[in-house]
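Colleague: Would you mind keeping the following structure in view while I ask a few things?
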Amino acid sequence: MSHAPRADLEATSEQAARERLIEDLERRIDALEALDDSDLGGFTALDWFFCVAGSVVIPAIALWWFAG
Amino acid sequence: MGAEGFDPGANSSNSPGQEDSAFGRLPLLIEEREYGTASAHTTCFAYAIATWCFLTGGFVAELVDAVQGTVCLIAGNMIGIFITTMALGLGCQRYGIEQMDCCTPAFGQRGVKIPLLFYLINMLGWSGLLLVMFGNGIHNILGTLGYPTGEWAVGLGVAVGLALTLLIVTHGVRWLSVSNSIITPGLGILIVFMFYTLVHDYGWERISAAAPLAPGPKPLTNYVIAIELGVASGISWWGGVGFLARNTRSARNAVYPEIIQLGFFGSVACCIGLFSALVVQTNDPTQWMVPLGGVFMGILALVFVALANVTSTAVSVFASGLAMRHVKLFRATPWWQLMLLMIIPCIPFVFWPAQLFRMGDMFLAYNGTMYAPISGILFADYFFLRKQKINLRALFEADPSGEYYYHRGFNWLALGSLLLGQFLYIFLYNPYSGKIHPLAQYAPASVASCVIASVAYGVSMRLLNRRATAAAQASAGGSGRRRLISPNI
């Protein structure tokens with residue numbers, strides 16, 4: 001039996017798998033773009049304040065204080 | 001860094017599409033994301049408590065004492081985590097994408113390979129250092145048991161560690177999940193035990209009085225470099241931040257666990273390493289265990305740390321392999337071949353373990369050189385240029401008509417800003433020579449590099465790339481129903 005039909009079969013199978021992957025990707029893109037930001041939880045100005053104060057301002061003050 | 005809490009064996013019983021989404025590049029839908037608030041915090045805690053904390057603490061112990069070292073590690077790490085987390089975390093969470101895809105709007109379809117290269121250097125560099133720790137651990141265990149060996153044993157240990165890593169990542173990914181679930185809490189117990197021993201046997205007075213291991217002649221210079229190592233330590237989590245954030249269901253869960261666990265508790269673990277290095281007077285973590293815990297506990301701790309190092313290395317190598325799927329050449333490469341390819345850059349650690357280990361603090365600082373400007377560019381791109389709206393379809397569009405194709409796949413403005421940030425970093429602090437510019441005492445090199453790269457990118461894109469600015473504003477409404485022409489997946 002020649003190898004050509006088996007190679008063709010494998011190529012067809014890989015192509016089909018790739019097409020399914022791309023279809024899945026398109027579906028996910030559509031689903032995620034349809035979401036509102038509120039569906040993924042908000043990150044408000046108050047959150048920014050806490051993060052900046054806790055991660056930047058207070059550490060910077062501590063670094064300056066202990067510089068000696 | 002940033003992969004020890006990774007659970008590669010999870011979801012393996014799901015359908016192929018779901019498995020692809022978990023471990024490939026497909027965007028994760030909300031229902032597929034694993035982490036709620038509690039699990040995000042515990043996973044980040046598992047990430048944070050890792051043996052590289054010991055290495056970082058040891059590097060800082062060379063420069064400053066316990067008080068200044070604690071401040072540099074905690075404050076520096078918090079700043080570094082903030083720089084890394086905000087744009088990457090919120091962007092990856094909003095769209096369910098991994099970190100390389102989050103870089104594509106800024107760097108372009110082909111330009112994103114530059115951050116990818118940095119990511120690989122980061123992962124494989126840390127892997128090499130951890131494997132040297134593994135080799136040192138074996139060397140010290142044998143010495144403690146009365147079988148002293150030479151440096152050749154360390155190199156042999158690295159080789160054994162590489163072989164074990166390859167075995168795990170090619171055959172037993174499930175083993176990784178199981179070992180993670182044992183090793184992570186065990187490391188937590190070890191750190192608590194070390195802290196107790198330090199306080200009980202040595203006391204804070206002795207710890208705070210211990211001299212740094214090899215400081216330079218100028219105290220302020222030592223302090224500034226120690227700050228830089230702390231910031232770089234936080235920035236080094238770049239590789240893990242996106243992975244976690246992608247798997248969270250809310251924006252707050254993409255940010256607070258990382259800041260609190262990776263930023264604060266991770267740096268506390270580094271401080272344990274700092275104190276241990278100062279009292280034992282060596283920055284090799286495998287030499288702390290016996291003096292701190294006695295022979296029996298010390299050997300047990302060494303064995304445990306050795307296992308943890310191999311596990312961490314396996315996860316880093318696994319994650320590197322996943323990242324390589326971004327490169328078209330490797331998309332269809334058999335997994336075992338890809339893993340072998342990832343192991344090859346670690347081979348120099350077999351032959352020159354001590355020499356390369358001594359460059360560990362330089363490597364840590366170099367992480368700042370790599371990721372600080374990238375983080376600044378992402379910040380400007382995601383928050384100011386795109387107002388937190390990414391064209392998700394364009395991320396996966398390799399056709400030149402795609403919004404993120406730019407000029408031949410590269411956004412030269414981003415790459416130029418990246419280079420500018422790196423030059424500024426080296427100008428302020430050269431990790432290789434240890435030379436610090438006087439200006440660095442006013443702003444750590446990482447912070448300056450991040451800010452300048454961010455400003456340069458933001459201003460140049462506004463002024464010179466009006467097409468991108470207009471497209472970003474148009475994308476605010478979504479990508480429309482246009483189908484992908486040339487998917488890059």
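Colleague: So which helices (runs of 4 or more DSSP H) stay within chain A end to end and still have 1 or more residues that are within 30 Å of B:Gln441 (Cα to Cα)?
Modeller: Of the helices (runs of 4 or more DSSP H) lying wholly inside chain A, those with at least 1 residues that are within 30 Å of B:Gln441 (Cα to Cα) span A:45-52, A:58-65.
Colleague: Still on this structure, I have one more. For residues that are of a type in the set (Ser, Thr, Tyr) and more than 20 Å from B:Pro27 (Cβ to Cβ), tally how many sit in segment B:237-270.
Modeller: 2
Colleague: Only residues that are charged (D, E, K, R) and surrounded by 11 or more Cβ atoms within 10 Å (Cβ to Cβ): list them for segment A:28-44, please.
Modeller: Answer for segment A:28-44, where residues must be charged (D, E, K, R) and surrounded by 11 or more Cβ atoms within 10 Å (Cβ to Cβ): A:Arg28, A:Asp30, A:Glu33, A:Asp37, A:Asp39.
Conditions (1) more than 18 Å from B:Leu131 (Cα to Cα); (2) surrounded by 18 or more Cβ atoms within 10 Å (Cβ to Cβ); (3) touching a residue at least 12 places away in the same chain (Cβ under 8 Å), marked per residue:
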| site | (1), (2), (3) |
| --- | --- |
| B:Ile272 | yes, yes, yes |
| B:Leu278 | yes, yes, yes |
| B:Thr286 | no, yes, yes |
| B:Gly294 | yes, no, no |
| B:Trp335 | yes, no, yes |
| B:Phe351 | no, no, yes |
| B:Gln355 | no, no, no |
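Colleague: Another question, if that's okay. Which residue, of B:Gln68, B:Gln109, is at pLDDT 95 or above and not β-branched (Val, Ile, Thr)?
Modeller: B:Gln68
Colleague: Considering only residues that are at pLDDT below 90 and surrounded by fewer than 16 Cβ atoms within 10 Å (Cβ to Cβ), which ones fall in segment B:418-437?
Modeller: Matches in segment B:418-437: B:Tyr432, B:Ser433, B:Gly434, B:Lys435.
Colleague: Quick one: which of A:Ile61, A:Ile22 is exposed (fewer than 13 other Cβ atoms within 10 Å of the Cβ) and either within 9 Å of chain B (Cβ to nearest Cβ) or without any contact (Cβ under 8 Å) to a residue 40 or more places away in the chain (or both)?
Modeller: Among A:Ile61, A:Ile22, only A:Ile61 is exposed (fewer than 13 other Cβ atoms within 10 Å of the Cβ) and either within 9 Å of chain B (Cβ to nearest Cβ) or without any contact (Cβ under 8 Å) to a residue 40 or more places away in the chain (or both).
Colleague: Being touching a residue at least 60 places away in the same chain (Cβ under 8 Å) and away from every other protein chain (no Cβ under 14 Å) narrows it down to one residue among B:Tyr425, B:Tyr406, B:Tyr382; which is it?
Modeller: After ruling out the rest, the residue left standing is B:Tyr406.
Colleague: Evaluate segment B:54-62: report whether one residue or more is more than 18 Å from the chain's Cα centre (by Cα) and either closer than 20 Å to B:Leu26 by Cα or surrounded by 24 or more Cβ atoms within 10 Å (Cβ to Cβ) (or both).
Modeller: Looking through segment B:54-62, at least one residue is more than 18 Å from the chain's Cα centre (by Cα) and either closer than 20 Å to B:Leu26 by Cα or surrounded by 24 or more Cβ atoms within 10 Å (Cβ to Cβ) (or both).
Colleague: A follow-up question, please. For segment B:238-260, give me the residue count where each residue is buried (at least 24 other Cβ atoms within 10 Å of the Cβ) and either within 13 Å of the chain's Cα centre (by Cα) or under 23 Å from B:Leu322 (Cα atoms) (or both).
Modeller: 12
Colleague: Going through segment B:195-218 one residue at a time, which ones are in contact (Cβ under 8 Å) with a residue 24 or more places away in the chain and within 14 Å of chain A (Cβ to nearest Cβ)?
Modeller: Selection gives B:Ser208, B:Pro212, B:Pro215.
Colleague: If you scan segment B:144-175, which residues turn out to be loosely packed, with under 15 Cβ neighbours inside 10 Å, modelled with pLDDT under 85 and part of a helix (DSSP H, G or I)?
Modeller: Those that are loosely packed, with under 15 Cβ neighbours inside 10 Å, modelled with pLDDT under 85 and part of a helix (DSSP H, G or I): B:His171, B:Arg174.
Colleague: Of the conditions (1) within 11 Å of chain A (Cβ to nearest Cβ); (2) surrounded by fewer than 24 Cβ atoms within 10 Å (Cβ to Cβ); (3) within 13 Å of the chain's Cα centre (by Cα), B:Leu90 fails just one. Which one is it?
Modeller: (3)
Colleague: Among the residues of segment B:51-70, is any of a type in the set (S, T, N, Q) and closer than 26 Å to B:Pro373 by Cα?
Modeller: yes
Colleague: Return yes or no: is B:Leu117 modelled with pLDDT of 85 or more, surrounded by fewer than 24 Cβ atoms within 10 Å (Cβ to Cβ) and more than 14 Å from every other protein chain (Cβ to nearest Cβ)?
Modeller: So B:Leu117 fits the description; yes.
Colleague: Just the residues that are more than 13 Å from chain A (Cβ to nearest Cβ) and among the acidic types (Asp, Glu), please, taken from segment B:53-76.
Modeller: Scanning segment B:53-76 gives a single hit, B:Glu62.
Colleague: Of (1) facing chain B (nearest Cβ under 9 Å); (2) out of contact with any helix residue (DSSP H, G or I) (no Cβ under 9 Å at 6 or more places or on another chain); (3) of a type outside the set (Asp, Glu), A:Gln15 satisfies all except one. Which?
Modeller: (1)
Colleague: Hey, among B:Ile235, B:Ile227, B:Ile207, which residue is closer than 22 Å to B:Phe265 by Cβ, surrounded by fewer than 24 Cβ atoms within 10 Å (Cβ to Cβ) and either under 13 Å from the mean Cα position of the chain (by Cα) or not aromatic (Phe, Trp, Tyr) (or both)?
Modeller: Unique residue meeting the criteria: B:Ile207.
Colleague: Looking at (1) of a type in the set (Val, Ile, Thr); (2) under 30 Å from A:Val52 (Cα atoms); (3) in a loop (DSSP other than H, G, I, E, B); (4) modelled with pLDDT under 90, which is the one condition that is false for B:Thr369?
Modeller: Of the numbered conditions (1) of a type in the set (Val, Ile, Thr); (2) under 30 Å from A:Val52 (Cα atoms); (3) in a loop (DSSP other than H, G, I, E, B); (4) modelled with pLDDT under 90, the odd one out for B:Thr369 is (3).
Colleague: Consider B:Leu415 carefully, then state whether it is surrounded by fewer than 23 Cβ atoms within 10 Å (Cβ to Cβ) and closer than 22 Å to B:Thr84 by Cα.
Modeller: Against the criterion (surrounded by fewer than 23 Cβ atoms within 10 Å (Cβ to Cβ) and closer than 22 Å to B:Thr84 by Cα), B:Leu415 qualifies.
The values are calculated or read from the model by the stated rules, or taken from the named source; none is laboratory data. In this text the structure is predicted, and so the values were computed from the model without any measurement. Positions of Cβ are backbone-derived with ideal geometry, glycine not excepted, and every protein chain shown enters the neighbour counts.
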